[in-house]
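Peer 1: Attaching a single structure in structure tokens format; questions to follow.
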Amino acid sequence: ALPISTATLSGNEAHHLLHVMRAKPGLQLMLFDGQGGQYEAELTHCGRSTVDLALGPKQDIEREHPFQITLAVALPKGDRQRWLIEKAVELGVSRLIPLQTARSTAGSEQASSKLERYIIEASKQCGRNRLMQLAAPLKLIDLLSQDESPIRILAHPGGSPLAEIEWNSTENRSLAIGPEGGFTDDEVTQAIEAGWKTVGLGSRILRLETA
């Protein structure tokens, strides 16, 4: 069958095919567009820094939850950021907001291009064809005033057990995870006043990426 269309890959994806996988013409691939579409593809030509592909028809395959999950989290430093991004992608988080709080540590910020690369790599690994959105960093006070999700949960020791939270299976939800040291008492009070529910995650103190 004739291909429906063609595509040329460059940048990181081409480099991975050419220099990591040592790909050759004839290799069968699965491409995704990051918006829920994917394509069976065949590599037709290898250039110095690009690869050409013949694409089959677009397949609309949805692997998302029936609700949107927004995760606002004070990012940890170093490699722990990558681990957190990977697991958020695998678990189906729709949007990640780097959260700025009173106890956020200096140096926890990371270039958005690097975080976006982590998202793509994790999506490829787990077969998710819709990319998790990476939002601009946001202060907690702005999150509390802007978020309008029906379900808004802030992780805090001593909060209600997660099993006691009532939610409809299709309602969008927002989750806030604090930095090392947690949210301050003032931040927790502000969240409750803004309609957020505090939830405890057990009797042990969890690292933020675990939470």
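Peer 1: Scan the range 172-199 residue by residue and report those that are open to solvent by 20 Å² or more (accessible area, probe 1.4 Å), hydroxyl-bearing (S, T, Y) and over 9 Å from H156 (Cβ atoms).
Peer 2: If the condition is that a residue be open to solvent by 20 Å² or more (accessible area, probe 1.4 Å), hydroxyl-bearing (S, T, Y) and over 9 Å from H156 (Cβ atoms), then T184, T189 are the ones that fit.
Peer 1: Another question about this same structure. Of all the residues that make up the range 103-119, how many are at pLDDT below 95 and either closer than 19 Å to G178 by Cα or of a type in the set (A, V, I, L, M) (or both)?
Peer 2: Selection size over the range 103-119: 10.
Peer 1: Can you tell me which residue within the range 153-171, out of those that are open to solvent by less than 30 Å² (accessible area, probe 1.4 Å) and small (G, A, S), is farthest from L99 (Cα to Cα)?
Peer 2: Top of the filtered list is G159.
Peer 1: Which is of a type in the set (A, V, I, L, M, F, W, C) and over 25 Å from I85 (Cβ atoms), of I177, I153, I205, I192?
Peer 2: Step by step, each of I177, I153, I205, I192 is checked, and only I192 is of a type in the set (A, V, I, L, M, F, W, C) and over 25 Å from I85 (Cβ atoms).
Peer 1: Collect the residues in the range 89-118 that are exposed (fewer than 14 other Cβ atoms within 10 Å of the Cβ), under 25 Å from M30 (Cα atoms) and of a type outside the set (A, V, I, L, M, F, W, C), keeping them in residue-number order.
Peer 2: Passing the criteria: S113, K114.
Peer 1: Right, here's the next one. Residue under question is D147, and the condition is that it be closer than 22 Å to R103 by Cα, of a type in the set (D, E, K, R) and over 23 Å from the mean Cα position of the chain (by Cα); does it hold?
Peer 2: Taking the combined requirement at face value, the residue does not satisfy it.
Peer 1: Could you give me the residue pairs with C-beta distances under 7 Å whose first residue belongs to the range 192-211 and is within 22 Å of L144 (Cβ to Cβ), whose second residue is crowded, with 16+ Cβ neighbours inside 10 Å and among the basic types (K, R) wherever it lies, and which are 6+ apart or on separate chains?
Peer 2: Once the first residue is within 22 Å of L144 (Cβ to Cβ) and sits in the range 192-211, its partners that are crowded, with 16+ Cβ neighbours inside 10 Å and among the basic types (K, R) give G195/R152; W196/R152; K197/R152.
Peer 1: Hey, another quick one. If I filter the range 76-85 for residues that are of a type in the set (F, W, Y) and under 20 Å from H15 (Cα atoms), do I get at least one hit?
Peer 2: no
Peer 1: Any chance the range 125-136 includes a residue that's in contact (Cβ under 8 Å) with a residue 40 or more places away in the chain, open to solvent by 20 Å² or more (accessible area, probe 1.4 Å), on the phi > 0 side of the Ramachandran plot and touching a Lys or Arg at 6+ places or on another chain (Cβ under 8 Å)?
Peer 2: The answer is yes, given that some residue of the range 125-136 is in contact (Cβ under 8 Å) with a residue 40 or more places away in the chain, open to solvent by 20 Å² or more (accessible area, probe 1.4 Å), on the phi > 0 side of the Ramachandran plot and touching a Lys or Arg at 6+ places or on another chain (Cβ under 8 Å).
Peer 1: Residues that are open to solvent by 80 Å² or more (accessible area, probe 1.4 Å), at least 1 per element: which strands (runs of 3 or more DSSP E) completely within the range 1-88 meet that?
Peer 2: The qualifying strands (runs of 3 or more DSSP E) are 5-9, 28-32, 37-46.
The values are calculated or read from the model by the stated rules, or taken from the named source; none is laboratory data. Keep in mind that this is a model prediction, so the values were computed, not measured. Here the Cβ is made from the backbone with ideal geometry for all residues, glycine too, and neighbour counts use every protein chain on show. What goes into the accessible areas is simple: the full protein's heavy atoms, side chains included, and nothing from ligands, DNA or RNA. Shrake-Rupley method; radii C 1.70, N 1.55, O 1.52, S 1.80 Å.
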